[in-house]
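Beneath this line is the structure, given in structure tokens, with notes to follow.
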Amino acid sequence: MSNQKQAEEAMVSINDTGHEEKEVSNDESGFSLKSVLWHGGSVYDAWFSCSSNQVAQVLLTLPYSFSQMGMLSGIILQIFYGFLGSWTAYLISVLYVEYRSRKEKERVSFKNHVIQWFEVLDGLLGPTWKAVGLAFNCTFLMFGSVIQLIACASNIYYIDDKFDKRTWTYIFGACCATTVFIPSFHNYRMWSFLGLGMTTYTAWYMTVASIVHGQVKGVVHSGPTKAVLYFTGATNILYTFGGHAVTVEIMHAMWKPKKFKCIYLLATLYVFTLTLPSAAATYWAFGDQLLTHSNAFSLLPRSPWRDAAVILMLIHQFITFGFACTPLYFVWEKVIGMHDTKSILLRALSRLPVVIPIWFFAIIFPFFGPINSAVGALLVSFTVYIIPALAHMLTYRSASARQNAAEKPPFFIPSWTAMYVLNAFIVVWVLVVGFGLGGWASMSNFIKQVDTFGLFAKCYQCPPSTPAKHH
């Protein structure tokens, strides 16, 4: 059995590195600026991609969640969902390796083909699971991209309010459409590094600026006061650590995907150093004022430091938009038969129809705080928590599958039974707390925001002679 496992590992390792190294040797013999900035595939590239993608504009809404839940619950749930998300990312990586090992035994080549999550589900569990995975993943990534555009318009408004937020959404939609020219996750090396630096600056700016500002006069920390607010905040945190909808694509971009096992956990540990201090400090300084300010920038006093943070977050949201859209580009390319096309220009042109519906939804919904929670409850719950846990349980339900598994349970899990119990707990917890209670709370809050926005729009359009002009 050990010899068989070594052979499988060798098979995966050879096929992971073979064609990549050949491409590099043809185009980039020796050291070159292009290889350093453009062509990534190492463990470090994967770590930067996971860390950069995991925390984006949600960094600005976590203080809002703390005001809904209270300081203690906010900290505890960040840690809880951080580790829960790391575990399900590990499950996804195991299933990817299992799928790829089986296919490579059949001499299937993945040259010029990016493996995606729905294909893993199809290969291991059949077409029904493929359809479910494809539907949830694509819908989640589409709305994740929508949120990035909305956040761009919301953030730039704190620097330049000459245009309304909808106009800024038009502008940033056009800018983000240029991500169609980035071929794959191999080519995000420089962007991932820069993106993580930008969120690191913003997080520590929020922390330091809140402490220096001090507590506002008469600050109140009353949360949690209502169940609907509590579970809305909880699902926003669930969404925060649900960024591994692109795990398979990041793994496939690695030269040795088997080394991915602990990368997401290490990324999460770093992200804790950004999200916990910034959310806690901002909530300490402003308290319940955050209940009506889902974007932390709206309360922090304007300064060159804040303007720098806004600009850096705008650039990072462009990068995160690309992360979320690239898997959608791959799906669309496969549908229209353009996925193996070598011309970057032709692939870019074929990808443009993917951006149009994202742009449209971003223009319709001009607020992103409540959308985070709604997406977390209705989509992230299944996409990155429930489906991976169930898929792992079903893939290894037979004794033969467990015996021939490409990956055995990690050292801290004593048996397959313990692994089943842990995965079952995740399914039940997320289904009840994340999807059930979180869905109820998030949709209630979202509908309230839509009604408020509609009332504001009506008041804004009233004739000057009516009392509504004072709104």
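The values are calculated or read from the model by the stated rules, or taken from the named source; none is laboratory data. Because the structure is predicted, anything quoted here is derived from the model rather than measured. We place every Cβ from the backbone using ideal geometry, glycine too, and count neighbours over all the protein chains shown. With ligands, DNA and RNA removed, areas are computed over all heavy atoms of the protein, side chains included. Shrake-Rupley method; radii C 1.70, N 1.55, O 1.52, S 1.80 Å.
Placing +1 on each Lys and Arg Cβ and -1 on each Asp and Glu Cβ, with no other charges, gives the chain a dipole about its Cα centre of roughly 400 debye. Qualifying chymotrypsin sites (Phe, Trp or Tyr not before Pro) in segment 149-195, where qualification requires a DSSP coil assignment and no more than 14 other C-beta atoms within 10 Å, comprise Phe163.
Each of Thr167, Thr202 has its accessible area taken with a 1.4 Å probe; listed largest first, they run Thr167, Thr202. Computed from Cα atoms, the angle from the helix 227-240 axis to the main principal axis of the chain rounds to 40 degrees. When the pairs Lys165/Lys217; Lys105/Lys408; Lys105/Lys342; Lys162/Lys217 are compared against a 24 Å limit on Cα-Cα distance, Lys165/Lys217; Lys105/Lys342; Lys162/Lys217 fall above it. A 1.4 Å probe over all protein chains sorts His113, His244, His186 by accessible area into His113, His186, His244, starting with the largest. Roughly how tilted is helix 58-69, in degrees to the nearest 10 and between 0 and 90, from the longest Cα axis of the chain? Helix 58-69 and the main axis of the chain meet at about 60 degrees.
Taken about its Cα centre, segment 219-332 carries a charge dipole of about 360 debye when Lys and Arg each add +1 at the Cβ and Asp and Glu each add -1 at the Cβ. For the listed peptides 426-435, 87-96, 328-337, a ranking on the average number of other beta carbons within 10 Å per residue, highest first, reads 87-96, 426-435, 328-337.
The helix-only estimate of mean residue ellipticity at 222 nm for the chain, built from DSSP H runs of length n ≥ 4 each weighted as -39500 (n - 2.57), is -23000 deg cm²/dmol after division by the residue total. The separation of segment 294-328 from segment 124-203, counted between C-alpha centres, amounts to 11 Å. From the square roots a ≥ b ≥ c of the eigenvalues of the alpha-carbon gyration tensor of segment 306-442, which class results: rounded (a/c under 1.5), prolate (a/b over b/c), or oblate? Because a/c hits 1.5 or more and a/b fails to exceed b/c, segment 306-442 counts as oblate. Which residue, Thr202, Ala135, Gln57, has the largest displacement toward the positive end of the dipole of the chain when charges sit on each Cβ (Lys, Arg +1; Asp, Glu -1)? Value: Ala135. A value for mean projected area of the Cα convex hull in nm² was derived from the coordinates, and within the list [x] 24.1; [y] 37.4; [z] 25.9 it appears as [x]. Measuring nothing but how far apart in sequence close Cα pairs (under 8 Å, 6+ apart) lie, relative to its length, the chain scores a relative contact order of 30 percent. For Gln215 and Cys175, the difference between the fully extended length at 0.36 nm per residue and the C-alpha to C-alpha distance is 10.6 nm. Helix 416-429 and the long axis of the chain differ in direction by around 30°, with both axes built from C-alpha atoms. In terms of its C-alpha gyration tensor, segment 126-226 comes out prolate, because a/c is 1.5 or above and the ratio a/b outweighs b/c. Rolling a 1.4 Å probe across the protein heavy atoms gives the chain an accessible surface of 42 Å² per residue.
Name the residue from Leu349, Phe83, Met190 whose Cα lies farthest towards the positive end of the charge dipole of the chain, charges +1 on Cβ of Lys and Arg and -1 on Cβ of Asp and Glu. Working it through, the farthest residue towards the positive pole turns out to be Phe83.
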